[in-house]
Each structure stands twice: as structure tokens, then as C-alpha cells.
1. So is Lys97 open to solvent by 100 Å² or more (accessible area, probe 1.4 Å) and modelled with pLDDT of 65 or more or not?
2. So which residues in region 246-274 are free of Cβ contacts under 8 Å to residues at least 40 places away in the same chain and under 44 Å from the mean Cα position of the chain (by Cα)?
3. Working only within region 318-334, note down all residues that are within 20 Å of Ile577 (Cα to Cα) and surrounded by fewer than 22 Cβ atoms within 10 Å (Cβ to Cβ).
4. What are the pairs, 6+ residues apart or on separate chains, where a residue within region 371-389 that is more than 9 Å from Gly351 (Cα to Cα) and part of a loop (DSSP other than H, G, I, E, B) has its Cβ under 8 Å from a residue that is open to solvent by 20 Å² or more (accessible area, probe 1.4 Å) and not charged (D, E, K, R)?
5. Restricting attention to region 160-173, which residues are open to solvent by 100 Å² or more (accessible area, probe 1.4 Å) and either modelled with pLDDT under 85 or of a type in the set (A, V, I, L, M, F, W, C) (or both)?
6. List, please: which pairs have Cβ atoms under 9 Å, are six or more places apart or on different chains, and start with a residue in region 328-339 that is farther than 18 Å from Ala401 by Cβ and end with one that is modelled with pLDDT of 90 or more and polar (S, T, N, Q)?
7. If you take the residues of region 582-621 that are more than 24 Å from Leu283 (Cβ to Cβ), assigned to a helix (DSSP H, G or I) and open to solvent by less than 50 Å² (accessible area, probe 1.4 Å), which of them is modelled with the highest pLDDT?
8. Being in contact (Cβ under 8 Å) with a residue 12 or more places away in the chain and either over 17 Å from Gln382 (Cα atoms) or open to solvent by 20 Å² or more (accessible area, probe 1.4 Å) (or both) is the filter here, so list the residues in region 422-432 that pass it.
Amino acid sequence: MAKGVKAIGKKKDEEEGLDTAEGEEWMQGKTLVKPPDQLELTEAELNEEITRVLTANNPNAPQNVVRYSFKEGCYKPIVFVDQMAIHFELEGNLVHKESDEGRRLTAKQAEVDDGGGDERPDNVVIKASKREQKLTNQFNFNERASQTLNNPPRDISCQTEPPPRANFSATANQWEIYDFYTEELQRREKSKEKHEGQFVNKEEDKNKKKMIQAEIQNDDISQLTKAVKIIERMVNQNIFDDVAQDFMYFDDASDEFRGEKGTLLPLWTFQYDKAKSLSVTALCWNHKYNDLFAVGLGSHEFTQQGGGMVLFYTLKNPNYPEFIFNTASGVMCVDIHEHLSYLVAVGLYDGCVAVYNLKKKTDQPIYNSRASSGKHTSAVMQVKWQKDDLDSNHNFISVSAGGRVVSWTLVKHELVFTDIIKLPVIDTIPDDLKDVVPTVGTSLDFHKQKDYSFLVGTEHGKIHKGSKYYSSKFLETYDAHFMTVTRVRWNPFHPDVFISCGWDWMVKIWDQTMKSPVFTFELKTSVTDVAWAPYSSTVFAAVTTDGKVHVFDLNINKYEALCQQKVVSKKTRLLHIEFNPVHPIIIVGDDRGHVTSLKLSPNLRKKPKEKKGQEMPKGPEVEIAKMEQLLSSLR
């Protein structure tokens with residue numbers, strides 16, 4: 001091949017007229033061999049400078065990475081992507097020569113090299129000088145390893161005789177089981193009688209006498225409990241005599257000089273020493289015994305969860321609760337049955353609902369939901385008793401932070417659940433997350449006349465109106481608040497009016513036939529609860545996180561509250577409020593576990609004056625007409 005190339009080169013040189021000499025190959029002309037498909041460029045194109053910029057960006061790095069933003073509730077692309085690409089990585093065993101270990105290795109290598117040479121005097125001197133050098137750090141060491149001989153594994157096995165076997169079969173009927181148990185009980189009783197007849201002695205007689213005396217003492221104490229409780233209430237009435245007198249007879253005479261304004265008179269403060277670290281999460285009056293009310297204690301904070309309590313106080317004994325029930329999780333809501341005042345429904349933070357019986361002498365619930373019986377997966381925010389069903393079974397309805405509205409029926413010894421409806425997911429949540437992110441229900445209330453109609457407030461500020469008989473979707477949705485709805489309640493008199501409040505500082509009154517609120521009041525701080533007065537369709541009260549109670553009467557003033565009064569100390573938040581169904585008092589609960597009772601002054605419970613010779617009409621029809629007159633002026 002080389003000879004062929006040389007011949008071709010010679011031939012070309014001869015054609016071009018060049019003198020070539022075979023002996024002088026270095027003087028021969030050399031030609032470039034170009035491929036036939038090489039691109040032909042002009043001189044200008046060859047001289048053109050092309051600039052190439054190298055960047056540190058990784059061309060294989062993904063540019064479309066997205067992450068879910070919990071703040072905005074949607075997926076957002078990631079701007080900054082890691083551009084570093086590692087092509088090769090190797091852990092080396094190099095040692096810096098100026099380090100202690102490097103110097104030691106260098107000295108050792110020099111000794112090895114010198115050991116193979118001749119034993120010359122200069123070498124001996126060098127070795128002596130090297131041996132005299134001391135290590136700067138006596139704790140430096142080298143790792144050395146050796147492999148030992150592994151013993152071969154050996155298997156040892158043995159065989160035993162199989163245990164004896166026998167086949168047995170029989171049929172067990174209900175009467176056979178019953179007969180067996182009765183025979184066993186008779187046999188045990190006979191053996192006891194024989195045993196007692198054989199081993200009766202003086203010590204056993206003494207023990208029996210002691211047991212009989214203890215039982216007699218317990219019976220005597222149980223007979224005295226009622227008398228002791230009456231004496232305790234009499235002592236408390238003497239201690240708090242001035243408060244009891246104010247509760248019964250005091251009316252603030254200065255209301256005559258205040259015009260429309262009124263005041264709140266503090267009465268008793270109820271507190272339990274073991275509940276100091278808990279917040280009041282629910283208040284509920286007993287409809288049969290008007291001096292008795294229930295207090296739910298727990299916490300709304302996720303990081304402060306622990307046990308909870310349900311306490312029952314009476315106005316006759318503010319020092320100590322009448323009943324105490326401890327719960328494994330924080331109590332979130334409480335409701336007392338309207339007719340059977342001893343039945344109490346409780347919702348807990350862990351999703352359980354429980355029913356307590358005040359007649360029982362145990363602190364354990366008679367009914368409790370479990371995971372197998374449809375337990376809520378999130379905190380139960382509200383429970384409400386309902387009328388008995390067609391089978392005369394007691395039932396109540398609950399709403400949870402998981403978005404479920406569930407009906408619970410008390411059947412024999414268990415709670416049977418029925419899902420009524422699930423709260424709809426808001427539109428801003430992606431479709432693939434709508435089954436994962438629930439709508440949190442915060443409040444629930446049923447219509448006073450139409451017991452099948454209910455309202456549900458949500459964390460996103462919406463209020464849904466639904467029916468127990470129509471579970472496919474809600475009948476109406478109101479865009480009520482910009483933030484969480486903390487409470488929604490139907491008016492006890494007018495069938496179309498309800499009230500709501502929320503964290504957006506607003507209290508709004510609604511007509512269910514209209515999409516926008518009829519009245520709106522701004523209280524300049526978050527509103528945690530609101531309640532209608534049981535004696536008037538136009539009076540309501542609200543509590544705020546700055547510790548104030550606001551009392552309104554729309555029939556007197558449609559624009560501002562008749563009373564704004566701070567009733568707790570600084571840095572204490574009011575969380576719940578309830579009107580007494582008979583007496584002119586309210587109770588408010590705060591985040592320190594305290595419940596304060598307040599009496600309304602005459603201006604806050606003003607009734608129309610009776611004219612001489614005329615009887616003023618009374619009853620719910622008058623209250624409905626009073627509210628209807630207000631609504632007609634705004635429609």
C-alpha cells in the first residue's frame with residue numbers, strides 16, 4: 001500500500017514538471033489526501049472566527065419540575081434546578097507528604113530502600129540519624145487486617161416421635177351449652193359449701209364480720225349523700241349570698257340614664273383546678289334543669305392535644321362540678337338531649353363520638369364509636385340531638401373536620417352510623433387531590449321548626465344548607481365569610497333567618513331566601529361565637545378574642561351594639577357563649593378553662609311597655625312579626 005502511494009506521488013510530480021530523486025525522499029513533495037465528500041470552504045469562511053461559550057448548565061437536567069405549594073393550594077414550577085452532574089467519583093488513598101502520616105510512610109520507605117544496599121559507613125550514619133528521630137504524635141497508628149480461617153458449617157438434626165393424635169367431633173346446641181353451664185354452677189356451689197364446712201374457723205368469722213361492717217358503713221354513707229349535698233349547697237349559698245341576691249333581685253338602676261345602652265353584671269366564675277391547662281370548647285344548658293349546664297374542655301391546637309373533660313356545673317354550687325367525666329382525647333363539642341336530660345352526646349378531637357348517661361354511676365360512656373363502626377377520621381366539630389326515629393331509637397348528627405355529616409342511632413349496645421352527606425371540595429383544589437383534601441366542617445345547626453333542614457359552616461367561609469332527606473347535594477350555598485365560619489345558628493322564632501360569625505371580624509344575619517346578608521356588623525377582631533336570645537327574635541350576643549361580649553338588639557338599634565364589655569383579664573380569649581333558656585343570664589367560656597356567668601341589665605332585655613287597659617300580645621307570633629318588620633324594610 002505504501003509503494004502504491006509513492007508511485008502515485010511520483011507520477012503527479014512528473015506531470016507537474018518537478019524533479020524528484022529516488023534517493024532523497026525528504027525532498028519529495030507531499031500531498032494531502034482529502035475525502036471526496038469534504039465540504040469546500042472559501043478563504044473568508046476559513047478565516048471567520050466562531051465563538052463558542054461553555055456554560056455550567058446541565059443539558060440533561062429537567063426543566064419542568066413542579067412541587068405542591070401548601071400556601072397557595074396548587075402545584076407551582078421550580079425555578080432553580082440542580083445543574084451539577086457527577087461523571088466520575090473515586091475515593092483515593094493519597095496522603096499529603098507534609099502530614100505526620102506522610103512523613104512516617106516516607107521514612108519507612110527510605111528504610112526499606114536502604115536495607116537492600118551495601119552497608120557503607122555513610123549509610124550507617126544515615127540509618128542512625130533516622131532511628132533517632134521520634135514521632136511527634138505517639139497516638140498515630142496504621143490499620144492492619146488479617147483474615148482468619150472460617151470453620152466449615154455443620155448441620156445437626158434429630159427426629160422425635162410425633163405426639164399422639166385423636167379425632168373428636170360433636171354438635172353443640174344452645175340447650176346443651178345451657179345445661180352444661182347450669183351443671184357447672186351447681187358443682188361449684190356444692191364444692192364451696194363443702195369447703196366452707198370443713199375450714200370454718202375463728203379468723204374467717206372475724207373477716208366476715210369486718211366485711212359486713214364495711215358494707216353497713218357504705219350503705220350509711222350512700223344514704224347520707226343527698227343530705228350532704230343539700231348542706232354543701234346551703235353553705236355555698238351563705239358564702240355567695242351577695243351574688244345570689246344580685247342574681248335574683250338586682251337590676252341596674254343606672255340604665256335609665258344610659259338611654260339605649262346596657263351593662264353586664266358579673267356573677268359566679270366556675271373553674272376546676274385539674275382543667276387549668278385546657279380551653280373551654282363547648283357550652284350547653286340543660287333544658288329540664290335550668291340551673292345545670294355542661295362544659296367541654298379540650299384544645300383546638302394540634303400541638304397541645306391530650307386528655308379532655310366534660311364537667312357539669314350548677315348555679316347552686318359554683319365551687320365544684322356536679323359530674324366529672326374524663327376523656328382520652330380533647331372534647332370539641334357537647335349537646336344535652338332536650339327531653340331526656342340525662343343523655344349527653346360528646347364529640348372528641350380523635351374523631352370519636354360518645355354518649356354519657358348521668359344516671360349511671362360510672363365515668364365511662366354507655367356508647368362509643370369505633371373504627372369499625374364508622375368513626376370520624378378527624379376532629380368532631382359539632383353534635384346535635386334529633387327526634388327519635390320511627391323505631392323510637394334515639395339519634396344525633398355530627399359534623400367533622402373530615403367533611404362528613406353522619407347520623408348516629410343508639411341501637412341496643414352500639415352506635416349505628418349513616419352517612420348523610422359529604423361537604424363539597426372547593427374549586428381551587430386540583431382534581432387529583434379532591435379525594436385527599438377534605439372540606440373542614442366547623443359548625444352545625446338544625447331548623448327549629450323543620451327538623452330535617454340544617455346549616456353547615458366550613459373552614460373556607462361558606463355556609464351550606466342541606467336536608468336529611470336529600471343527600472346527593474346541598475340545597476343552597478352561601479358565600480358568607482372570607483375566613484373560617486366559627487358558628488352558624490337558626491333564629492329560634494323566624495323560620496327564614498339565621499346568623500353566622502367568623503374569623504374575618506364579621507357577624508352576619510341572613511335571610512335564607514336571599515344570597516346576600518341582611519345585616520352585617522364588624523367587631524374589629526375575630527368573632528369566636530354568637531348566640532340568639534331565647535326571649536326575643538332580635539336580640540343576640542357575640543364574643544371575640546379580645547375578651548369582649550357584644551350584645552345587640554336589632555329592634556332598638558340596627559347599627560351598633562347596645563353593650564360592649566370586657567369581662568375577662570388581659571391575654572385571655574373568649575371562645576363560647578350561651579343564653580340561659582329561662583333566666584336573664586349568659587355564660588361565657590375562655591381559653592383558660594374558666595366559665596363566667598353574667599346578668600343582663602334591664603336595657604338588654606327590654607320588652608314593650610304595656611298600656612293601661614290593654615294587654616300586650618305575647619308568644620312566638622309577636623317575635624316573628626317583629627323580625628319580619630325589620631326584614632320588610634330591607635328587602
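The values are calculated or read from the model by the stated rules, or taken from the named source; none is laboratory data. As the structure is a prediction and not an experimental result, all values here were calculated from the model. Note that we place each Cβ from the backbone using ideal geometry, even for glycine, and neighbour counts take in every protein chain shown. Just so you know, the surface numbers come from the protein's heavy atoms only, side chains and all, with ligands and any DNA or RNA stripped out. Shrake-Rupley method; radii C 1.70, N 1.55, O 1.52, S 1.80 Å.
1. Details: open to solvent by 100 Å² or more (accessible area, probe 1.4 Å): yes; modelled with pLDDT of 65 or more: yes.
It is true that Lys97 is open to solvent by 100 Å² or more (accessible area, probe 1.4 Å) and modelled with pLDDT of 65 or more.
2. If the condition is that a residue be free of Cβ contacts under 8 Å to residues at least 40 places away in the same chain and under 44 Å from the mean Cα position of the chain (by Cα), then Met248, Asp273, Lys274 are the ones that fit.
3. Start the filter on region 318-334 by keeping residues that are within 20 Å of Ile577 (Cα to Cα), which leaves 318, 321, 330-334.
Result: Pro318, Pro321.
4. Going by the 8 Å Cβ cut-off, the qualifying pairs are Gly374/Phe417; Asp388/His394; Asp389/Thr409.
5. The first filter runs over region 160-173 and keeps only residues open to solvent by 100 Å² or more (accessible area, probe 1.4 Å), leaving 160-162, 164-165, 167-169, 171.
Phe168, Ser169, Thr171, listed by residue number.
6. Qualifying pairs under 9 Å: Ile336/Asn286.
7. Step one: filter region 582-621 for residues more than 24 Å from Leu283 (Cβ to Cβ), giving 602-603, 606-621.
So of that shortlist, the ones also assigned to a helix (DSSP H, G or I) come out as 602-603, 620-621.
Those still in the list that are open to solvent by less than 50 Å² (accessible area, probe 1.4 Å) too: 602-603.
Values: Pro602: 86, Asn603: 83.
For region 582-621, the residue satisfying everything is Pro602.
8. Lys422, Pro424, Val425, Ile426, Thr428, Ile429, Pro430
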